[in-house]
Amino acid sequence: MLNQGLGSWPARRARKTPDRVAVVHEDRSWTYRDLHRRVLRLAHGLRALGTGRGDRVAYLGPNHPAFLETLFAAGVLGAVFVPLNTRLAAPELAYNLSDSGSTVLVHGPEQALAARAAADEAGLCHRVALDGPEDGAHGYEEPLAGGAAGPLDVAVAPEDPCMIMYTSGTTGRPKGAVLSHGNIIWNSVNVLVDTDLAGDEVTLVVAPLFHTAGLNMTCLPTLLKGGRVVLLGAFDAEQVLETIETRRVTHLFAVP
């Protein structure tokens, strides 16, 4: 494949273990074949909005399969993924959108008001709503339901930018840390070596995916290895304990 970055992961894993479950969210699950198909269709949908190599695609929402689909779809196109902190206010989000040069914002229903205000302030080209279409926003599921699904293989090198992850901005404006595909790939390899993750791992991801611990230290290494990622939108002690038992979770990251 010409694509040597994260965007190639779903295709590579679908070739190896197509029927193995990749992602679980609430009562639904997606195999690696499902994930690959949805990522391709979303990539075609984003390309129809004018997204191409080097363009920034932002995501604002809780832990959800759409986060991962948007990340991988951006990688398929050679675009750059920008995960946004759901705890920020609209002016703060607008700054991140403007500073990163984002042209598309994918957002969840709970973040619709903040997303709309931030997009307007930042002069964003396109909003994509998970529960859309809505006023001024495209619908997320439209391209996934019946859009183009042909193969895409854009040349992406390990040194190309993959993601802009913003710092907290505790003492000033947040800074956009640019992570290359090589950064994230080798980080995942290091995690696999250090924690000895297996192909039958079941990883609970309850830490927010917009933070490097939830995304780069637990979720992505599991997907690289072909394990199963169980997504929870927020921490609730009783729900976490129940999920560990019912889903037979073997690996997780959390804080006291």
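For this structure, a couple of remarks:
- Element breakdown for region 134-226 at a 1.4 angstrom probe: carbon and sulfur atoms account for 57% of the accessible area.
- For region 68-114, carbon and sulfur atoms together expose 54% of the accessible surface, with a 1.4 angstrom probe and every protein chain in place.
- As a length-normalised measure over Cα pairs under 8 Å and 6 or more apart, the relative contact order of the chain settles at 21 percent.
- Placing a pseudo-label 7 Å from each Cα along the Cα-to-Cβ vector at residue 253 and residue 155 gives an inter-label distance of 3.4 nm.
- Kirkwood radius for the chain, taken over all pairs of different Cα atoms as the inverse mean of 1/r, rounds to 18.2 Å.
- Mean accessible surface per residue for the chain, computed with a 1.4 Å probe while every protein chain stays in place, in Å²: 46 Å²
- For region 1-150, the mean projected area of the C-alpha convex hull, equal to one quarter of the hull surface, is 8.6 nm².
- Between residue 180 and 162, the built amide H atoms are under 5 Å apart, and every one of these is 5 or more places off in sequence or on another chain.
- Taking only the C-alpha atoms of region 190-256, the Rg (one decimal) and the largest Cα-Cα distance, Dmax (whole number), read 11.1, 32 Å.
- Local electrostatic count, residue 78, Cβ distance below 9 Å [Lys/Arg +1, Asp/Glu -1]: -1
The values are calculated or read from the model by the stated rules, or taken from the named source; none is laboratory data. All values derive from a computational prediction rather than experimental measurement. With ideal geometry, Cβ positions are generated from the backbone for all residues, glycine too; neighbour counts draw on all protein chains shown. Calculation scope for accessible area: heavy atoms of the full protein, side chains included, ligands and nucleic acids excluded. Shrake-Rupley method; radii C 1.70, N 1.55, O 1.52, S 1.80 Å.
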